[in-house]
1. Given the options Lys187, Lys198, Lys203, name the one that is of a type in the set (Lys, Arg), modelled with pLDDT of 95 or more and touching a Lys or Arg at 6+ places or on another chain (Cβ under 8 Å).
2. Taking into account only those residues within the range 153-173 that are over 22 Å from Val47 (Cβ atoms) and touching a helix residue (DSSP H, G or I) at 6+ places or on another chain (Cβ under 7 Å), which is nearest to the ligand (Cβ to nearest atom)?
3. Scan the range 228-248 for residues that are away from the ligand (no atom under 16 Å from the Cβ) and over 17 Å from Arg285 (Cβ atoms) and jot them down.
4. How many residues, within the range 87-112, are modelled with pLDDT under 95 and more than 16 Å from the ligand (Cβ to nearest atom)?
5. Across the range 116-150, which residue is farthest from Ala247 (Cα to Cα) among those that are among the charged types (D, E, K, R) and away from the ligand (no atom under 15 Å from the Cβ)?
6. Given the condition in a helix (DSSP H, G or I), charged (D, E, K, R) and modelled with pLDDT under 95, answer yes or no: does some residue in the range 232-251 qualify?
7. Only one of these is buried (at least 21 other Cβ atoms within 10 Å of the Cβ), β-branched (Val, Ile, Thr) and touching a Ser or Thr at 6+ places or on another chain (Cβ under 7 Å): Val8, Val31, Val47. Name it.
8. Can you find, within the range 14-27, the residue that is surrounded by the most Cβ atoms within 10 Å (Cβ to Cβ) among those that are touching a Lys or Arg at 6+ places or on another chain (Cβ under 9 Å) and not aliphatic (A, V, I, L, M)?
Amino acid sequence: MNSRILAVGSMALDSIETPFGKAEDALGGSVTYFSAAARFFAPVSVVAAVGKDFPAKHLKLLSGLGVDTSGVRIEDGKTFRWKGHYGFDLNSAKTLKTELGVFATFKPELDRAQRRSKTVFLANIDPDIQRAVLKQVENPSLVACDTMNYWIGGKRPSLLKLLRRVDVILCNDAEARELTGEVNLVKAARWMFAHGPKLFVVKKGEHGVICFAKNFTFLAPAFLLESVFDPTGAGDTFAGGFMGTLAKAGRLDSATVRKAVIYGSVLASYNVESFSLKRLISLKRFEIESRYRQFRKLTEF
Ligand code: AMP
C-alpha cells in the first residue's frame, strides 16, 4: 500500500515564553512539527500557506528533511502567527495571540497525486480548511484529525461535520471535554464513537496518552524526562510518530495502534527538549529506537 501521508495544517511563526526562556518568530505550526516527526516512518506531502514574510530557509529546511513542500503556497499577506505562554505547569499553553494571516483566506487545491492519497492527516487548523482538503481526496483509507479549543469554540458546526468523515481523532483532555461536553473521558470516548471516529487519542502532556478504540483501550505514560524545555508542538510531534507508524504498517489493529502510541510518545519526548524544531532536526533513527526500547522497560511489569 502507498504509505505516503498527505498532511494539512498550520505553518507558523511562533513567539513563545516558558519559565526557561523565550523565542520570537520561531518556526512552528502544527503541520511543520507533524511532518518533521512523521518523515522518519513514511513519506509526507504538506499542504499549507505562508506569507511573503516567511523565511525561505524554513521551507528549505523541511525539504532537506525529506518533506515534500511542493503543496505549500506562498501568498500575499502575512504568515500565521501564534503567541503562547507556559507557566511551570508545562502541560497546557496559554494562547496570548492568534493571527491567522494567509490562512484566513486559504483555499487549498490538491494536485492529481495528492487527490489519490490513502492516508490523510488533518493537523490543527480551521476545520473548513480541513474539510476542503478532505473533500478533494478521492478514496482515502485512513483519515485522522487534530483540533484545539480555538476551533472547537469558533467553528463547532464545521468540526462536527468533519468528524463524521474521520477515523481517528487526537486532542488533549481539556479539548476532548470541551468538544464532547463530557467531563469523564470514558464517556467522552462513547460520544466520539457516536459522532464518527473509531479511535480517540487523548493527549495528557506529561501524564501520557489514553487511546480508546471500540474494542480496546491502551494507556501509555509519557517518557520520563529530567528537563522539559519547551512543550510547543508536543501534540503534533506525537501525531507524526503515531500516524507515521500507522501509515507504514497500513493497519489499524490493536498491536499496531499500541506501537504507534509509543513511537508518538518517543518523538514528542525528544521535541520538548529544546525550542522550536531544533531537536527534531538533529534527531537520528537510532535515538528513536533506543528510547522505544527504554519505554518497554519503563512500563514492563
Ligand atoms: P501543540 O503544542 O502540539 O498543541 O501545537 C503547537 C503549534 O500549534 C504551534 O506551533 C502553533 O503555531 C500552532 N497553533 C496554535 N494555535 C493554532 C490554531 N488556532 N490553529 C492552528 N495551529 C495553531
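The values are calculated or read from the model by the stated rules, or taken from the named source; none is laboratory data. All of these numbers come straight from a predicted model, not from anything done at the bench. Here the Cβ positions follow ideal geometry from the backbone for every residue, glycine too, while neighbour counts run over all protein chains shown.
1. Lys198
2. Checking each candidate, the answer is Asn172.
3. Leu246
4. 1
5. Going through the qualifying residues, I end up with Lys135.
6. No: the range 232-251 contains no residue that is in a helix (DSSP H, G or I), charged (D, E, K, R) and modelled with pLDDT under 95.
7. It is Val31.
8. Asp14
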